[in-house]
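S.K.: Mind looking over this structure? Questions follow.
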Number of protein chains: 2
Amino acid sequence: MAGYISDAVVRRLPGYYRHLRELELEGVTQISSQGLGERMRLTASQIRQDINCFGGFGRQGYGYNVKELREHIGRILGLDSRHAMVIVGAGNIGRAIAQNDSFAKDGFVALALFDKDARKAGRQVGELTVRHIDELDGFLKSNDIEISVLAVPAHSAQTMAERLYALGQRAIWNFAPVDLKLPQDASVVNVHLDESLQILSYRMLQTARDNA
Amino acid sequence: MAGYISDAVVRRLPGYYRHLRELELEGVTQISSQGLGERMRLTASQIRQDINCFGGFGRQGYGYNVKELREHIGRILGLDSRHAMVIVGAGNIGRAIAQNDSFAKDGFVALALFDKDARKAGRQVGELTVRHIDELDGFLKSNDIEISVLAVPAHSAQTMAERLYALGQRAIWNFAPVDLKLPQDASVVNVHLDESLQILSYRMLQTARDNA
């Protein structure tokens, strides 16, 4: 499929996918690197470089076939197949993820939601019923789960990540404000909301200063 | 305070802040660039470069004073003062943000939560009562709000962002899967959860392939 793709390009892949899907919905079938660049606020040459990098698509002067390119990027991102998830932690974030239906359209389906608080067990959250964390090991052993969503407090995140790893989990979507330490064959992607808000605060102050 | 700080360094600032706060809690008062580097998995020279870049702190051979450096970075990030927020959209994400108490410890306090669904108005979400979106303009005019959290569906995000901008809002924390187009003096930081999950999926597949 595609060879080595740099981190910077990987981070842009979902944006390509989203814009191409929007174009498809708008009925656009063909788009030039310039047209796509304007839409994504990248230069045409950046677009050509990126797309070369992950596929070698399109013919000079003809632009890209929107559907083909979207499907190709979707395959690179694994969006052409279903990925089962568990969510660990039924706090605000865990519940929000459990109830969000936008992941399912990309094939990411949460099958279970766990919490260590026994009082939460049995509660309904969207289509899931909260299970006690003691059921985690059994559940992972008897179900084919690819992705673990880690939505536990900071102080228990590393321990829980190690437990998930020991149970064979290799992809962790981590919402805890912690840098997890796991073996190299584990993939971790962090959503550090606190840090994201701090960066917004920085930019806001900077812009205010520049315009003062 | 600090001059121009590159985007890459800005993205690392919250990580510095978090690690330094942890060190403070552990009772560590002084740390070398090497010690901090090991903790943050950066090289000592990277740490020295970064810290030079945002302050020119520390003396050769003495390491950094943990508390001073943490406070300095906190000021750069604006964490030394309070920032009032409104949340627009009382769906899963808006409610999760409203109920999350970790932002408040950094001074980010949500004062109101709005939704266009009149049936949601009056509901209690954490310490906030959902208000109808018609109250937004009046609320922003009579309160000193610095940050707007945009947690509305994709199709209404751009329109709502423009409304917020017209009402004087210059810092948007955007959870909608949309690239907002706003004038240059607006600061936008995106949390694109779908894209984050897609990147995890990519890395997981890549690692599986490399280890196959």
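The values are calculated or read from the model by the stated rules, or taken from the named source; none is laboratory data. Model, not experiment: these values are computed from the prediction. Note that each Cβ is placed from the backbone with ideal geometry, even for glycine, and that neighbours are counted across all protein chains shown. Only protein heavy atoms, including side chains, enter the accessible area calculation; ligands, DNA and RNA are left aside. Shrake-Rupley method; radii C 1.70, N 1.55, O 1.52, S 1.80 Å.
S.K.: Just the residues that are exposed (fewer than 14 other Cβ atoms within 10 Å of the Cβ) and under 19 Å from A:ASP106 (Cβ atoms), please, taken from region A:12-33.
M.R.: If the condition is that a residue be exposed (fewer than 14 other Cβ atoms within 10 Å of the Cβ) and under 19 Å from A:ASP106 (Cβ atoms), then A:LEU25 is the only one that fits.
S.K.: Something else now. Looking at B:LEU36, B:LEU42, can you tell me which residue is surrounded by 16 or more Cβ atoms within 10 Å (Cβ to Cβ), more than 19 Å from the chain's Cα centre (by Cα) and not in a helix (DSSP H, G or I)?
M.R.: Criteria check complete, one pass: B:LEU42.
S.K.: Additional query: Out of curiosity, is A:GLY78 modelled with pLDDT of 95 or more and within 30 Å of B:VAL125 (Cβ to Cβ)?
M.R.: Values: modelled with pLDDT of 95 or more: yes; within 30 Å of B:VAL125 (Cβ to Cβ): no.
Judged against the criteria, A:GLY78 is not a match.
S.K.: Ok, one more. Look at A:VAL130 and say whether it is in contact with a strand residue (DSSP E or B) (Cβ under 9 Å, 6 or more places away or on another chain), more than 11 Å from every other protein chain (Cβ to nearest Cβ) and either over 27 Å from B:LEU20 (Cβ atoms) or buried (at least 17 other Cβ atoms within 10 Å of the Cβ) (or both). Show your work before the answer.
M.R.: Working: in contact with a strand residue (DSSP E or B) (Cβ under 9 Å, 6 or more places away or on another chain): yes; more than 11 Å from every other protein chain (Cβ to nearest Cβ): yes; either over 27 Å from B:LEU20 (Cβ atoms) or buried (at least 17 other Cβ atoms within 10 Å of the Cβ) (or both): yes.
Against the criterion (in contact with a strand residue (DSSP E or B) (Cβ under 9 Å, 6 or more places away or on another chain), more than 11 Å from every other protein chain (Cβ to nearest Cβ) and either over 27 Å from B:LEU20 (Cβ atoms) or buried (at least 17 other Cβ atoms within 10 Å of the Cβ) (or both)), A:VAL130 qualifies.
S.K.: A:PRO177: within 22 Å of A:ARG95 (Cα to Cα), within 7 Å of chain B (Cβ to nearest Cβ) and open to solvent by 30 Å² or more (accessible area, probe 1.4 Å), yes or no?
M.R.: yes
S.K.: While we're on this one: Which pairs do you get when a residue that is facing chain B (nearest Cβ under 7 Å), found in region A:78-93, comes within reach of a residue that is buried (at least 22 other Cβ atoms within 10 Å of the Cβ) and hydrophobic (A, V, I, L, M, F, W, C), reach meaning Cβ atoms under 6 angstrom, with the pair 6+ apart or on two chains?
M.R.: Qualifying pairs under 6 Å: A:HIS83/A:PHE108; A:HIS83/A:ILE147; A:ASN92/B:ALA96; A:ILE93/A:ALA151; A:ILE93/A:PHE175; A:ILE93/B:ALA96.
S.K.: Hey, another quick one. Within region B:140-212, which strands (runs of 3 or more DSSP E) (wholly inside it) include 1 or more residues that are without any contact (Cβ under 8 Å) to a residue 60 or more places away in the chain and closer than 21 Å to A:ARG12 by Cα? So that I can check it myself, show each step before the final result.
M.R.: Values: elements: B:147-150, B:171-174, B:187-190.
Qualifying strands (runs of 3 or more DSSP E): B:171-174, B:187-190.
S.K.: Can you go through B:ALA166, B:ALA154 and tell me which one is open to solvent by 20 Å² or more (accessible area, probe 1.4 Å) and away from chain A (no Cβ under 11 Å)?
M.R.: B:ALA166 is the lone residue from the list that is open to solvent by 20 Å² or more (accessible area, probe 1.4 Å) and away from chain A (no Cβ under 11 Å).
S.K.: Please go through region B:117-127 and give me each residue that is open to solvent by 30 Å² or more (accessible area, probe 1.4 Å) and in a strand (DSSP E or B), ordered by number.
M.R.: B:GLN124, the sole residue that qualifies.
S.K.: Go through region B:61-85 and report how many residues are aliphatic (A, V, I, L, M) and either part of a loop (DSSP other than H, G, I, E, B) or in contact with an Asp or Glu (Cβ under 9 Å, 6 or more places away or on another chain) (or both).
M.R.: Number satisfying all stated conditions: 5.
S.K.: Looking at region A:100-116, which of the residues that are open to solvent by 40 Å² or more (accessible area, probe 1.4 Å) and away from chain B (no Cβ under 14 Å) is farthest from the chain's Cα centre (by Cα)?
M.R.: Filtering first and then ranking leaves A:LYS116.
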